[in-house]
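No value in this document is a laboratory result; all are computed from the given coordinates. Not measured: the values here are computed from a predicted model. Cβ coordinates were reconstructed from backbone atoms using ideal geometry, including for glycine residues, and neighbour counts include every protein chain displayed.
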């Protein structure tokens, strides 16, 4: 029996969109039908070189796109007729404008973490709630920070139980190309609770009233860094926790003293490895920072590559929504292999998002 | 009756030393006998302009200092014969070399937070343990970060009780003039527990086993920023806590939305105010970041001007060690007036460091 | 005989405006009638503290200004009735909107370098063309970069003659408080000729077709830096040129190796000196970078403090336009004394802007 | 007939060394015999993964290298016995210590631009003097900045003649991983003539007394940027010059307005292209910045990727020294194809370094 591939369209070919497009194209069970945008700059050269059909999202921009030498195969309306699922990666606010179009075309929809939860009334993060998304029509893949937090917290919660979470985020000012953005030589606090705590609750409702987050933004562009305190229900040793992370997918834990002392050296390592765009969709925990005190508090610092970290979760969301894979761990393994982030020995057992969430759904049904 | 002024010498005329010198010179009950150093660059022009007698710390450097046009009135050995107390602000490691000289001369000694606690076997921070320092011979004024932390924690502890502290520090890469220091465009975690937690215990031993800290350093030079979580014993409202800070000396709490959104705008405000060197020896809390949850956790983000924040505490330490003032609040008020950081209505009652510490001392005696 | 003081109003109390206000208030022959703005943030606290009457530029903003606690003494329309000259320091584009109001009120007008030359059809820089401005009704004080360039080029031109100028500018990203501006970790070229070359011609038309400039902007906020090549008509030695700059007002030339290796150390020196806001309205030339080759080319690197450098020129412009002082050097000396940037032995002879320009005017008359 | 491949060893596996190793391994006429170093950090993982035999440069470090899990196949002494040419990429100063060893082993030697010209008494840059290096025993490939400058100046000199060069360099603070290096938020001038002018003369002696350079360093890590003024002997139009660069190898000229406004966006384009380590060994000229005035001066701004730009020249140097290719353009074409920087239509005619230099050699012989 020939299994049909999932037909996927990517709207918005920016920082996230271009990566989702590449990731979809790399999956053996998916087909990238096209990318849609309004830009006419060098970014589209890459799409054209990779033979991604280019659609024009807003007809007004067609002339400039053509003038810049890009072949336009159709409009956004044409693209969505050809696909099973659209991944909308346009800037915050735009997906809600496209929303009626998608609904009318009856295409499944994934939006990104910049959108509000209420747009889709459901948020997704593999480690948190994969099982709740089997067959659903639309969702929002949570932001880079929340994706990373979910992976860490869900992993720890599944194994040890979690009663309290506090995370202090140090956010990069903007992505490297957002060169119009500051601050230069300053630290700006988020004035109030940062959205990351509440956002985690959208994919791990068990944490309601148990999580708080503060955030600052500053003069760097490579990544976010989280300083985390988690109070556990049980009393593992530091070694137990290190070992747990060592066998968890999409989380790396390494000693900084091996030449990975900071985020720039981390980037260099991934440049050297030959990773496309030096992407590191894995959470990276500095092993020396992980510790556990006598009061069951677990502490650690980890690095979050904001440009690439939610990409695997986008792929997982497609499989869940189209019910291409019901077992969360099989889905994660497929995605990771296709993205060359496969981690040996990390795909046994299951994930919190496939267990707790499933039960919740059954109970809720 | 004519009261003799305390005779003070400052050794090391760098970032901290030049400020301590100015601060001593500004006190009506102290006299700056001289500053000692080995440098011969433009920094000494300021000392000369302000008529601070300049001593040469190491005779080998005398020729270069004289050649650069600076009048040298004597050596370090000469300076310490003329003084009651020496404030050693030389780079980390140097004070321990000067130590025997000071001991032999029987001069009281203050070192800075870059030194280890064991050098003086005692550490000082006004808000934490002023009363324990009456008449003592030597101490170490804790670092900028610990000074700030002590002010905040001691204030909260005195009023509400504290059972757990977690602080995530975002440290500036280096002082503005340390232009040889990075990182540029990177975040470097402190690999392990940062020293700030243990350091706080040196001035607030009550917190033993109740505090933990993580830290990163990054690409900015203006200040440190702390993201703090404190678990309280009682249940004040947010308004209570804001009000408490509003009537505490050396702590400012203001709304960021008044044009103080980040640390650079904070600096600008102090530039505009005409503060010398735009110094802000006060802890600055962004009011919008302060919150309290239902589990008695208090959260906040504040700014720590590393160059100036321990200066008032150095002055207080002199007064305590020479028993010039036994009441902590009177000492703080004097210091603050002389440094033009007087805060209206903030010097009533007493401070934790004058109460708890005193009792401890009495118990321990 | 009682000499009436010049009555001055400052519109726009931002980076430049607040400094012009302070500078006007410091002159014995001027009176600051008031400052006008629409802001209601902490910046106005300073104006209020210094007893500068505050006017509201746009009535819509009056409520927010009053709500923030600022006393408003009138509207912009009221202010301009009380003054002889208005210095408009509002953001680029706003002065042209205020223009009809000023014309109607028959008040003399100074705009800043962010405006286009055509708005006032005349541009001013003391060293370049003071004498052409005696009694004129309106002008534009050229930008920080052009002001600095004019001082250096006019000084050299007067003494040695100049046949060709090339300047490569490295611009700061934004003023320190413009924390929304990047780039972080990137260099952005000005795509085309930078405006500085053409702009210099507005105050030194003799340089037409003799000057070219290229510029980049990058990740720092303290100052602009110019790398300059000037081809001279005559053949002074390096020592001659150093000596020339040593006796020129508003230009400092010092050895970097004295602890002034970079712009941050320069700032520190001015912080230590106690300069308000660490301002350095003087061009600062690193002496080691100045050299002269066998082909009569003069090279140098200098620092331009963008926030303060055109302030003295604004004061000079007021005196020229109100014919308060016809001798350029006497005007410069007065301004410099009042601003505490007086330089011993630097006010003999005259300046290019008082000589060449005057002749030109006479010829043109 | 089987042609033997050149046997190459790379000593120093850092920023340059790791790239030279990859570049050698990519050439069909060369064989990488091994890399030698003393490090034991994650950088060596890459060498091991790519099956580059690892040698230990200093026996003292062998234990730490082995402990870190790296297989050591021999010492530096062993490596140099197996090779025709050694490319020494160790930090400045180390090659001179290795020098006697290399001489004794009679291996040909290439050092990098951080070394002094006198060490090898000869410097190399393909575009400047390829033909002078046929068969020579040792040379120094000039630094990244000089390599870029040579490409641009030699190209222009060959076509139009050059009578005067002035370059203002804005240097990155350090390579991205040198996170211990500043300055942060400051600009530091090179105090004196920068070495780049004199350095260019080592490969283009025709420019003696015709070139001068000034330089600053600042708070960024991605690249150097040059602002260039060249006085030509003839009068091409801007279009002529753009066209010239468009058909020159290793030089890209593109419009910034296509989304390449700054160096960060340039990096992003090369990340997207899939270039290993986002390397861009080509000089990149912002087309909008190129202009020509009526006095035959040519101006432009270009970007210099310091990490990769001298890599192709190292490969060329090997071919010249081993006389594997006497025609400079054929050599450049081979190198560029192997490094995936081949530029269509750019390898016709010859290069300055193959013509002028050859004549010079013949005259000199």
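Brief remarks follow.
- Distance from the axis that maps chain A onto chain B is least for the Cβ of the chain A residue given, with the whole Å value, as A:168, 2.
- Shown here: the protein assembly as shown, whose C-alpha atoms stretch 102, 84, 73 Å along the first, second and third principal axes, sorted largest to smallest.
- Gain upon complete extension [residue B:29, residue B:246; 0.36 nm per residue less C-alpha separation]: 75.3 nm
- As a proxy for reagent exposure, D:8, A:165 were ordered by neighbouring Cβ count within 10 angstrom, fewest first; the result is A:165, D:8.
- Inter-copy label distances for residue C:208: 4.3, 7.7, 8.4 nm (label point placed 7 Å from Cα along Cα→Cβ; shortest first).
- Over region D:93-239, relative contact order from alpha-carbon pairs under 8 Å, at least 6 apart, %: 27 percent
- When you work out D = kT/(6 pi eta Rh) for region A:239-292 at 20 °C and 1.002 mPa s, using the Kirkwood radius from C-alpha pairs as Rh and the Stokes-Einstein form, the result is 182 µm²/s.
- Between the beta carbons of residue B:291 and residue C:92, assuming R0 = 41 Å, the FRET efficiency works out to 0.55 to the nearest 0.05.
- Angle between chain C longest axis and helix C:311-321 axis [Cα atoms, degrees, rounded to 10]: 80 degrees
- For the protein assembly as shown, calculated [θ]222 nm from helices alone, where every DSSP H run of n ≥ 4 adds -39500 (n - 2.57): -10500 deg cm²/dmol
- All C-alpha pair distances within chain A, sorted into 10 Å bins from zero, spread as 5, 24, 34, 25, 9, 2, 0 percent across the bins.
- Put in order of Cβ neighbour count within 10 Å, fewest first, the listed residues D:190, B:136, A:203, D:332 become B:136, D:190, D:332, A:203.
- Fraction of beta bridges assigned by DSSP in chain A that are antiparallel (%, nearest 5): 40 percent
- Sequence-distant contacts, meaning Cα pairs under 8 Å at least 6 residues apart, place the relative contact order of chain A at 18 percent.
- The ellipsoid equivalent to the alpha-carbon distribution of region D:201-255 has semi-axes of 23, 20, 12 angstrom, derived from the gyration tensor eigenvalues as √(5λ) and listed largest first.
- Compared with the dominant Cα axis of chain C, that is its longest principal axis, helix C:328-338 is turned about 60°.
- Cα convex hull of region D:267-335, projected area averaged across orientations, nm²: 6.7 nm²
- Pairwise centroid distance, computed over Cα atoms, of region B:221-235 with region A:132-157, Å: 29 Å
- Degrees between helix B:263-273 axis and first principal axis of chain B (Cα, 0 to 90, nearest 10): 60 degrees
- Where Rh is the Kirkwood radius over Cα pairs, Rg/Rh for region D:1-98: 0.96
- Each eigenvalue of the Cα gyration tensor of region A:144-304, multiplied by 5 and square-rooted, gives one semi-axis; in descending order these are 25, 21, 13 Å.
- Global size of region B:238-365 as Cα Rg and Dmax, reported in angstrom: 16.3, 50
- Note: relative contact order over region C:144-304, using C-alpha pairs below 8 Å and six or more positions apart, is 27 percent.
- Gyration tensor over the Cα atoms of region D:110-167: the corresponding equivalent ellipsoid has semi-axes (square roots of 5 times the eigenvalues, largest first) of 22, 14, 8 Å.
- Sites residue D:359 and residue D:64 - FRET efficiency at Förster radius 45 Å, r taken between beta-carbons, to 0.05: 0.30
- Between copies, residue B:31 shows label-point distances of 4.7, 8.5, 9.4 nm, shortest first, with the point placed 7 angstrom from Cα along Cα to C-beta.
- Approximate spin-label separation residue D:106-residue D:209, in nm, with each point projected 7 Å along Cα-to-Cβ: 4.4 nm
- Debye log10 I(q)/I(0) for region D:51-140, one point scatterer per Cα, at q = 0.15, 0.21, 0.23 Å⁻¹: -0.64, -1.05, -1.17
- In plain terms, the residue of A:171, D:7 with the fewest other Cβ atoms within 10 Å comes first and the most crowded comes last, giving D:7, A:171.
- Cβ-vector label at 7 Å, residue B:163, separations to other copies in nm: 1.0, 8.5, 8.6
- Looking at the protein assembly as shown alone, DSSP beta bridges between its own residues are antiparallel in about 40 percent of cases.
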